[in-house]
1. All but one of (1) out of contact with any Gly (no Cβ under 8 Å at 6 or more places or on another chain); (2) open to solvent by less than 70 Å² (accessible area, probe 1.4 Å) hold for Ala152, so report the exception by its number.
2. Please note which helices (runs of 4 or more DSSP H) are completely contained in the range 1-85 and include at least 1 residues that are surrounded by 18 or more Cβ atoms within 10 Å (Cβ to Cβ) and either touching a Ser or Thr at 6+ places or on another chain (Cβ under 9 Å) or modelled with pLDDT of 90 or more (or both).
3. Going through the range 173-199 one residue at a time, which ones are assigned to a helix (DSSP H, G or I), hydrophobic (A, V, I, L, M, F, W, C) and closer than 23 Å to Ser127 by Cβ?
4. Kindly establish whether Ala206 is under 19 Å from the mean Cα position of the chain (by Cα) and of a type in the set (A, V, I, L, M, F, W, C).
5. Using beta carbons and a limit of 7 Å, which pairs, at least six apart or on different chains, have the first residue in the range 161-175 and under 12 Å from Lys129 (Cα atoms) and touching a residue at least 60 places away in the same chain (Cβ under 8 Å) and the second one of a type in the set (Lys, Arg) and open to solvent by 60 Å² or more (accessible area, probe 1.4 Å)?
6. Considering (1) within 18 Å of Ala128 (Cβ to Cβ); (2) at pLDDT below 95, say which one Glu191 fails and leave the rest.
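The values are calculated or read from the model by the stated rules, or taken from the named source; none is laboratory data. Note that the structure is a prediction, hence the values are computed from the model and not measured. Here the Cβ positions follow ideal geometry from the backbone for every residue, glycine too, while neighbour counts run over all protein chains shown. What goes into the accessible areas is simple: the full protein's heavy atoms, side chains included, and nothing from ligands, DNA or RNA. Shrake-Rupley method; radii C 1.70, N 1.55, O 1.52, S 1.80 Å.
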Amino acid sequence: MPEPSPPLVLAERDDAVGVVLMNRSQQLNALSDELMDALVSALQELDDDAAIRAIVLGGGERAFAAGADIAQLARMSAVDVYVAKRVERWDAIRGLQTPLVAAVSGWCLGGGCELALACDLIVAAESAKFGQPETGVGIIPGAGGTQRLARAVGKAVAMDVILSGRTLHAREALGFGLVARVVAQEAWLDEAKRVAHDIAAKAPIATRLAKEAVDRAYEASLSLGLDYERRALALAFASEDAKEGLSAFVEKRQPDFRGA
């Protein structure tokens, strides 16, 4: 009997942190429909677990993900692209409530770059290379690349990356605001986990409200964002975690956040 295929994603729990690694290394984690389905399923399972307070999403050392599965795309018609579940998969990732940290090493191109951009922050190895090369094969980014990249790095750099095929190396990406941290090559996953543990140590309700408020700043006008922030602050004050955190500060002790 043939040996079973290895799982497309590897998922584990490390205390309050979930870790999901794409496991299609021979194809540089090209985002096939099957990989995306497995990825969304793993992320949603962790998101539904109240004990998980932050999630790390990574690939391998050679590549986070080197783009969409071009062989699959080449077989698709315009109607296939329009009616496929691709949009629903990306909307599911966007809808995750748990903070999501991308751990990027090596190539992060096309759909891989869009996947990293869909996370809340990116920790990048020195080897990381970001790009949107879709126009080179006659299409355009279709999972948020034209929108999120422009918001992250500005119009001029986004145009350069998308139209000319320019690749941004890790330090450039840090300078343009695309990534949050750049670390030594060997530390890319450990640092992302450390950041996730830092997030997980904070009050869960406040963390999720803060994540939503920052997303509003990213997506809406300043006035709408400020209105949302004020409402979110009032909601945070209604939590038991707020009472615990404020009391712990006054009493000079570590808070015991329960997510309530």
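1. (1)
2. Details: elements: 33-47, 70-74, 78-83.
Filter on the range 1-85 gives 33-47.
3. First, pick out the residues of the range 173-199 that are assigned to a helix (DSSP H, G or I): 173-176, 185-199.
Narrowing further to those that are hydrophobic (A, V, I, L, M, F, W, C): 173-174, 176, 187-189, 192, 195-196, 199.
Of everything in the range 173-199, those that are assigned to a helix (DSSP H, G or I), hydrophobic (A, V, I, L, M, F, W, C) and closer than 23 Å to Ser127 by Cβ turn out to be Ala173, Leu174, Phe176, Ala187, Trp188, Leu189, Ala192, Val195, Ala196.
4. Here the answer is no, as Ala206 does not meet what is asked.
5. none
6. The number of the failed condition is (2).
Results for (1) at pLDDT below 95; (2) under 14 Å from Val182 (Cα atoms), shown as yes or no for each residue.
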| site | (1), (2) |
| --- | --- |
| Cys113 | no, no |
| Leu121 | no, yes |
| Glu134 | yes, no |
| Gly142 | yes, no |
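Residue-by-condition table, conditions (1) farther than 28 Å from Ala66 by Cβ; (2) hydrophobic (A, V, I, L, M, F, W, C); (3) modelled with pLDDT of 95 or more:
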position: Met159; (1), (2), (3): no, yes, yes
position: Ala170; (1), (2), (3): no, yes, yes
position: Ala173; (1), (2), (3): no, yes, yes
position: Arg181; (1), (2), (3): no, no, yes
position: Ala196; (1), (2), (3): no, yes, yes
position: Ser223; (1), (2), (3): yes, no, no
position: Val250; (1), (2), (3): yes, yes, no
